[in-house]
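What follows is a single structure, written as structure tokens, with notes after it.
The values are calculated or read from the model by the stated rules, or taken from the named source; none is laboratory data. All figures in this text were calculated on a predicted structure; none of them were measured in a lab. Cβ: placed from backbone, ideal geometry, glycine included. Neighbour counts: every protein chain shown.
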Amino acid sequence: MTYQNFSLSQLQAIDAAHYLHPFTDHKDLRASGARMIVRADGPFIYDSEGHALLDGMAGLWCVNVGYGRHELAEAAYEQMKELPYYNSFFRCATPTPVLLAKKLAELAPKHINQVFYGSSGSESNDTALRLVRHYWALEGKPEKNIIISRNMAYHGSTVAATSLGGMSGMHEQLGGAVPNIKHVMMPYAFELALPGESDHDFGLRAAKAVEDAILEAGAENVAAFIGEPIMGAGGVKIPPASYWPEIQRICRKYDILLMLDEVITGYGRTGEWFAAQSMGIEPDTITTAKALTSGYQPLSALLVGDRISKTLVEKGGEFYHGYTYSGHPVACAVALKNLEIIENEGLVERVKNDTGPYFAKMLQERISGHPLVGEVRSLGLMGAIEIVKDKATRERFQPEGSAAVVVRDHAIAQGMMMRATGDSMILSPPLIWTRETIDMAGDRIVKALDLALADLSKAK
Ligand code: PMP
């Protein structure tokens, strides 16, 4: 039975009857019906009605090598025939995750040499939380268990990952977070910088909020700080250059572990293999997922620095944690092939030296002057466009977030898949985008902004 035997309205009816989608208002979805994406190739996705859309989000920040990579399908097929599954519990291993761990240690910053696998970013952040608390317990300091995070952080949707995150709506529905996680201000200059405050000074002030939280809790009670190098789901918020080095200095001063969540930024998005390298910091853990397989298989890898792994190995004692699919051989085979593609095609260098700067120039020259745009920002192939009602005062349209949805809907109608988060339009395309693809995206975004301006002016 294939989907071609069904009309769009039949599929939508079945979807409405049986499928509860993630992060969805189910009443809303039933009123509108889902768009069916049925196939994809290179930078394009295609819906059931034959419309081609340029995928400005790489799926969900993950399809870094683009669609239609048969080598990845073949890698999965070969591994499935040889050994579809075996676990790594009870002193067993399978070769593919072992070889992937070696490869990841080679790509990661020098002080990172060990890997713990899961199937999603959320799971990996659960692992990270468990691991840092376990580390301090092994070090004889179990009271050091508070974790500091930021408002609007997104670390996933399991109970622990929701607790680590700083999304208030998610916390409300959770009705009781994992204890001992504190949230401080985010480094978002566009909304939070004081009048006349430089980006540099704002970055230091946002970092100081972490130091204040440490002092308030007592450094002897704080295990770690966690953050996304660039807040992704919260709106591609790129901190000032002063922020991360200062965070690292503070963590070292108070002997607090630094956990970096690179689920979005890992594997080339910022023009380095890891954003830790873009930010000039050496975290103790790096959470990765998504682009590790370019989304062709679910897989996450928590990269664990020498400080933590040395204690685990020297002190011993079982770490009571793991998943059936930790080190799934098929997912790991796809990851190995995916990393080989990224390397062979020089995608990371291309983002750093060519497409990343060209993307920034396109946003600056073609988008930033638009009457609806308060700011554009990007690093590598990750960017945001702030939608405002008044360019000079940065006043937003009301209700908040409504204008960005108008832009997004026009963008999709123009063949440009992009996302609205609050009043930020966000972009995180596959790393295979060329200058031509970036120009095409620019054309479509400008058209969408013009059409949205006409609609929003009527509504004023
Ligand atoms: N961390 C970050 C920074 C993310 O952006 C996401 C997902 N967008 C996650 C964790 C959770 O990953 P997953 O959805 O694979 O659980």
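Against the conditions (1) surrounded by fewer than 22 Cβ atoms within 10 Å (Cβ to Cβ); (2) at pLDDT 95 or above, where does Gly383 fall short? Just the number, please.
In the conditions (1) surrounded by fewer than 22 Cβ atoms within 10 Å (Cβ to Cβ); (2) at pLDDT 95 or above, Gly383 misses (1) alone.
Being within 16 Å of the ligand (Cβ to nearest atom), in contact with a Leu (Cβ under 7 Å, 6 or more places away or on another chain) and without any contact (Cβ under 8 Å) to a residue 40 or more places away in the chain is true for just one of Thr127, Thr162. Which residue is that? Please lay out each step first, then the result.
On the way: Thr127 fails: without any contact (Cβ under 8 Å) to a residue 40 or more places away in the chain.
The unique qualifying residue is Thr162.
Inside segment 220-231, can you point out the residues that are under 29 Å from the mean Cα position of the chain (by Cα) and surrounded by fewer than 19 Cβ atoms within 10 Å (Cβ to Cβ)?
Asn221 - this is the single residue of segment 220-231 that is under 29 Å from the mean Cα position of the chain (by Cα) and surrounded by fewer than 19 Cβ atoms within 10 Å (Cβ to Cβ).
Listed here are the residues, each with its yes/no results for (1) closer than 14 Å to Thr287 by Cβ; (2) in the same structural domain as Ala58 (by TED's automatic domain parsing); (3) more than 16 Å from the ligand (Cβ to nearest atom); (4) surrounded by 24 or more Cβ atoms within 10 Å (Cβ to Cβ).
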{"site": "Ala206", "(1), (2), (3), (4)": "no, no, yes, yes"}
{"site": "Ile250", "(1), (2), (3), (4)": "no, no, yes, no"}
{"site": "Met259", "(1), (2), (3), (4)": "yes, no, no, yes"}
{"site": "Gly268", "(1), (2), (3), (4)": "no, no, no, yes"}
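So Leu299 clears everything in (1) touching a Phe, Trp or Tyr at 6+ places or on another chain (Cβ under 9 Å); (2) among the hydrophobic types (A, V, I, L, M, F, W, C); (3) surrounded by fewer than 24 Cβ atoms within 10 Å (Cβ to Cβ) except one condition, right? Which one?
Among (1) touching a Phe, Trp or Tyr at 6+ places or on another chain (Cβ under 9 Å); (2) among the hydrophobic types (A, V, I, L, M, F, W, C); (3) surrounded by fewer than 24 Cβ atoms within 10 Å (Cβ to Cβ), the lone unmet condition for Leu299 is (3).
Any chance segment 422-445 includes a residue that's in the same structural domain as Leu60 (by TED's automatic domain parsing), closer than 22 Å to Ile45 by Cβ and basic (Lys, Arg)?
yes
Return the residue satisfying two criteria in turn: it lies in segment 307-328 and is without any contact (Cβ under 8 Å) to a residue 12 or more places away in the chain and assigned to a helix (DSSP H, G or I), and of such residues it is surrounded by the most Cβ atoms within 10 Å (Cβ to Cβ).
First, pick out the residues of segment 307-328 that are without any contact (Cβ under 8 Å) to a residue 12 or more places away in the chain: 310, 313-314, 316, 318, 320.
Retained after the next criterion (residues that are assigned to a helix (DSSP H, G or I)): 310, 313-314.
Details: Lys310: 14, Val313: 10, Glu314: 8.
Going through the qualifying residues, I end up with Lys310.
Conditions first: (1) under 25 Å from Leu54 (Cα atoms); (2) in contact with a strand residue (DSSP E or B) (Cβ under 9 Å, 6 or more places away or on another chain); (3) in the same structural domain as Leu453 (by TED's automatic domain parsing). Phe397 passes all but one, so which condition is the exception?
(1)
Just one of the numbered conditions (1) touching a residue at least 40 places away in the same chain (Cβ under 8 Å); (2) more than 22 Å from the chain's Cα centre (by Cα); (3) not in a strand (DSSP E or B) is not true of Ile432; which one?
Going through the list (1) touching a residue at least 40 places away in the same chain (Cβ under 8 Å); (2) more than 22 Å from the chain's Cα centre (by Cα); (3) not in a strand (DSSP E or B), Ile432 breaks only (2).
Just to be sure before I move on: is Phe225 within 30 Å of Lys391 (Cβ to Cβ) and either modelled with pLDDT of 95 or more or not assigned by TED's automatic domain parsing to the domain that holds Gly165 (or both) in the structure I sent?
Numbers: within 30 Å of Lys391 (Cβ to Cβ): no; either modelled with pLDDT of 95 or more or not assigned by TED's automatic domain parsing to the domain that holds Gly165 (or both): yes.
Criteria not met by Phe225.
Does at least one position in segment 95-112 carry a residue that is within 16 Å of the ligand (Cβ to nearest atom), at pLDDT 95 or above, in the same structural domain as Pro187 (by TED's automatic domain parsing) and of a type in the set (Gly, Ala, Ser)?
Within segment 95-112, the subset within 16 Å of the ligand (Cβ to nearest atom) is none.
Within segment 95-112, none of the residues are within 16 Å of the ligand (Cβ to nearest atom), at pLDDT 95 or above, in the same structural domain as Pro187 (by TED's automatic domain parsing) and of a type in the set (Gly, Ala, Ser).
Does segment 43-66 hold any residues that are assigned to a strand (DSSP E or B), surrounded by 15 or more Cβ atoms within 10 Å (Cβ to Cβ), in contact (Cβ under 8 Å) with a residue 60 or more places away in the chain and not β-branched (Val, Ile, Thr), and which are they?
Once the filter is applied, which keeps residues that are assigned to a strand (DSSP E or B), surrounded by 15 or more Cβ atoms within 10 Å (Cβ to Cβ), in contact (Cβ under 8 Å) with a residue 60 or more places away in the chain and not β-branched (Val, Ile, Thr), segment 43-66 yields Leu53, Leu54, Asp55.
I'm trying to understand the selection: among the residues of segment 209-236, which are under 30 Å from Ala137 (Cβ atoms) and in contact with a helix residue (DSSP H, G or I) (Cβ under 8 Å, 6 or more places away or on another chain)?
The answer is Val210, Glu211, Ile214, Val222, Ala223, Ala224, Phe225, Ile226, Gly227, Pro229.
Just checking, how many residues over segment 4-29 are surrounded by 14 or more Cβ atoms within 10 Å (Cβ to Cβ) and over 28 Å from the mean Cα position of the chain (by Cα)?
Total satisfying the criteria: 6.
Taking Asn180 as meeting all but one of (1) farther than 18 Å from Ser424 by Cα; (2) touching a residue at least 60 places away in the same chain (Cβ under 8 Å); (3) within 25 Å of the chain's Cα centre (by Cα), write down the number of the exception.
The one condition Asn180 does not meet is (2).
Take the residues in segment 133-151 that are touching a Ser or Thr at 6+ places or on another chain (Cβ under 7 Å) and part of a helix (DSSP H, G or I), then tell me which one is nearest to Lys182 (Cα to Cα).
Tyr135
Would segment 281-290 turn up any residue that is within 16 Å of the chain's Cα centre (by Cα) and part of a helix (DSSP H, G or I)?
The answer is yes, given that some residue of segment 281-290 is within 16 Å of the chain's Cα centre (by Cα) and part of a helix (DSSP H, G or I).
Would it be correct to say that Ser278 is within 16 Å of the ligand (Cβ to nearest atom), touching a Leu at 6+ places or on another chain (Cβ under 8 Å), assigned to a helix (DSSP H, G or I) and touching a residue at least 24 places away in the same chain (Cβ under 8 Å)?
Spelling it out, Ser278 is indeed within 16 Å of the ligand (Cβ to nearest atom), touching a Leu at 6+ places or on another chain (Cβ under 8 Å), assigned to a helix (DSSP H, G or I) and touching a residue at least 24 places away in the same chain (Cβ under 8 Å).
Go through segment 77-94 and report how many residues are in contact (Cβ under 8 Å) with a residue 12 or more places away in the chain and either of a type in the set (Ser, Thr, Tyr) or within 18 Å of Thr324 (Cα to Cα) (or both).
11
Name every residue in segment 191-203 that is surrounded by 17 or more Cβ atoms within 10 Å (Cβ to Cβ), in a helix (DSSP H, G or I) and hydrophobic (A, V, I, L, M, F, W, C), in order of residue number. I'd like the intermediate steps shown before the answer.
Filtering segment 191-203 for residues surrounded by 17 or more Cβ atoms within 10 Å (Cβ to Cβ) gives 193, 202-203.
Filter once more, so that each one left must be in a helix (DSSP H, G or I): 202-203.
Correct list: Phe202 only.
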